[in-house]
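Working notes, beginning with the structure itself.
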């Protein structure tokens with residue numbers, strides 16, 4: 001992005017006060033900058049959906065609002081339809097769950113964890129995992145659901 005130089009006409013009429021020297025252009029070409037920014041925008045728009053945890057579960061639907069997000073990547077514990085427990089994307093046996101959660105809690109700044117459970121998982125299993133989360137050092141548990149469920153409000 002260097003500045004171009006204009007030369008005064010030679011042999012013709014002189015412009016200005018007799019100066020016959022090179023003058024820098026006062027225009028900046030921003031087209032390459034805009035092109036780069038648009039390419040980066042497209043890359044981030046494509047990559048952003050790929051950064052979420054990808055364990056396929058069918059979440060129950062509720063009318064609850066979304067929780068505010070922290071600066072740290074949220075820890076996600078998932079209970080699949082078959083009853084398997086996954087921390088982020090790693091399957092973890094239930095008998096070693098509390099120990100693994102304690103190790104993770106020692107390395108994290110916040111005690112927030114998101115619990116995702118398939119809608120077909122029995123309530124008892126969900127509560128057992130919530131108890132394990134509490135015993136592992138996570139007292140701030142958010143239950144993840146899909147939006148668009150019944151509001152259970154008689155006024156509507």
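A compact table of results
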| item | result |
| --- | --- |
| Leading residue by the ranking (surrounded by the most Cβ atoms within 10 Å (Cβ to Cβ)) among those in the stretch 76-94 that are in contact (Cβ under 8 Å) with a residue 12 or more places away in the chain and in a loop (DSSP other than H, G, I, E, B) | 80 |
| Every residue from the stretch 104-130 that is surrounded by 11 or more Cβ atoms within 10 Å (Cβ to Cβ) and either free of Cβ contacts under 8 Å to residues at least 40 places away in the same chain or in contact with a helix residue (DSSP H, G or I) (Cβ under 8 Å, 6 or more places away or on another chain) (or both) | 104, 105, 108, 111, 113, 115, 117, 122, 128, 129, 130 |
| Members of the stretch 137-156 that are under 18 Å from residue 84 (Cα atoms) and either assigned to a helix (DSSP H, G or I) or in contact with a helix residue (DSSP H, G or I) (Cβ under 9 Å, 6 or more places away or on another chain) (or both) | 143 |
| Filter pass, residue 133 being more than 17 Å from residue 62 (Cα to Cα) and touching a strand residue (DSSP E or B) at 6+ places or on another chain (Cβ under 7 Å) | yes |
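We did not get these values from a lab; they are worked out from the coordinates using the rules stated. Keep in mind the model is a prediction, meaning the values are calculated, not measured. Here the Cβ is made from the backbone with ideal geometry for all residues, glycine too, and neighbour counts use every protein chain on show.
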